[in-house]
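Novice: I'd like to ask you about the structure that follows.
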Amino acid sequence: MTLTNISYSKQREADDRDARVSRSLKNIKNKFLIMSGKGGVGKTSVAANLAITLANKGLKVGLMDVDIHGPDIPRMLGLKENIGETLEQRMIPISYNDNLKVISVESLTEKKDDAVIWRGSMKHTTIKRFIGDVEWGDMDYLLIDCPPGTGDEPLTVAQTIRDAKAIIVTTPQEISLADVRKSISFCHSMYLDIFGLVENMSGFECPHCGKAINLFGTGGGKKTAIKSSNRFLGKIPFDMGMVVCSDNGISYTEKYPDTEVSKAFNDIADKMIKY
């Protein structure tokens, strides 16, 4: 095979993949990119619990974990099985319940603790496959959990899903807010609509005295949203129950539906529905 034929074959393969991506996206009504400027702000917890909250409202939801090097969604949701495949070699996402389907790199690997050592081109191809080669079906919402920062993964999503909207997660502390401003700049550069900002770990109620403690400060997310002319979606308090549930693959919002944390997720989900 000549170099020309190889180049033509690769281009045709890329064109076919892009066509499959376009067909798949037409069946998904709303797409949200969940991102953060830095790690450790609880972005994945927000993505997982928003997906569950939307699904429990009777909506068809897909949750796509494109944090290639740190895919935590399956563990947070207690999903241990691997992805299946149709006769047409399309991937079958894992069902969390009747309304929520999940796909992640971790669900493609046999040894869950093995490192994924990929360059940008491999990540780019995998993300496109997660959209075009997955049997998503008709979806009301697709939530994409990206790794922190503005690297390959959010770049590929922004370039591939042009009508996606970004939800940016931060904590109230200034170091996190500084990185959020970089995420806002990224969205503007990529012409990616910002749906709004979420202030996570915003306050903590002492279980002994009931006094409110601002572990990481408070109000910074709202101030940043106002200053940057973006919607503020709400504050989610810090709760040790969230840590325990995430570590054990249990849905916090299903186990503790009446807490301030679950109410906050419910309010944000309602804003996504009403938009």
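Novice: Search the stretch 40-57 for residues that are closer than 23 Å to D138 by Cα and in a helix (DSSP H, G or I) and pair each with any residue that is at pLDDT below 95 and small (G, A, S) when their beta-carbon atoms are under 7 Å apart and the residues are at least 6 apart or on different chains.
Specialist: What qualifies is I52/S251.
Novice: Return the only residue of Y141, Y96 being without any contact (Cβ under 8 Å) to a residue 60 or more places away in the chain, among the aromatic types (F, W, Y) and under 26 Å from Y275 (Cα atoms).
Specialist: Result: Y96 is the single residue among Y141, Y96 that is without any contact (Cβ under 8 Å) to a residue 60 or more places away in the chain, among the aromatic types (F, W, Y) and under 26 Å from Y275 (Cα atoms).
Novice: Same structure again: Please list, ordered by first then second residue, the pairs with beta carbon atoms under 6 Å, 6 or more apart or interchain, first in the stretch 222-242 and of a type outside the set (A, V, I, L, M), second assigned to a helix (DSSP H, G or I) and surrounded by fewer than 16 Cβ atoms within 10 Å (Cβ to Cβ).
Specialist: G234/D267; P237/E260
Novice: Of the numbered conditions (1) under 24 Å from K38 (Cβ atoms); (2) small (G, A, S); (3) surrounded by fewer than 14 Cβ atoms within 10 Å (Cβ to Cβ); (4) touching a helix residue (DSSP H, G or I) at 6+ places or on another chain (Cβ under 9 Å), G249 satisfies every one except a single condition; which is it?
Specialist: For G249, the exception is condition (1).
Novice: Shifting gears a bit: With respect to V61, is the statement that it is modelled with pLDDT of 95 or more and under 19 Å from M139 (Cα atoms) true?
Specialist: Criteria met by V61.
Novice: Next question. Evaluate the following for L87: is it surrounded by 18 or more Cβ atoms within 10 Å (Cβ to Cβ) and over 19 Å from I127 (Cα atoms)? Please lay out each step first, then the result.
Specialist: On the way: surrounded by 18 or more Cβ atoms within 10 Å (Cβ to Cβ): no; over 19 Å from I127 (Cα atoms): yes.
Judged against the criteria, L87 is not a match.
Novice: To continue, here is another question. Between a first residue in the stretch 11-37 that is within 18 Å of Y275 (Cβ to Cβ) and a second residue that is of a type outside the set (A, V, I, L, M, F, W, C) and exposed (fewer than 12 other Cβ atoms within 10 Å of the Cβ), which pairs have beta carbons less than 7 Å apart while being 6 or more apart in sequence or on different chains?
Specialist: K31/D163
Novice: Another question about this same structure. Quick one: in the stretch 212-264, of everything that is polar (S, T, N, Q) and not in a loop (DSSP other than H, G, I, E, B), which residue is farthest from K57 (Cα to Cα)?
Specialist: Per the criteria, the residue is T224.
Novice: Taking the stretch 112-164 as the search range and keeping residues that are in contact with a Ser or Thr (Cβ under 8 Å, 6 or more places away or on another chain) and assigned to a strand (DSSP E or B), which one is surrounded by the fewest Cβ atoms within 10 Å (Cβ to Cβ)?
Specialist: Here the residue is V134.
The values are calculated or read from the model by the stated rules, or taken from the named source; none is laboratory data. For clarity, every value in this text was computed on a predicted model and none was experimentally measured. Heads up, the Cβs are rebuilt from the backbone with ideal geometry, glycines too, and the neighbour counts pull from every protein chain shown.
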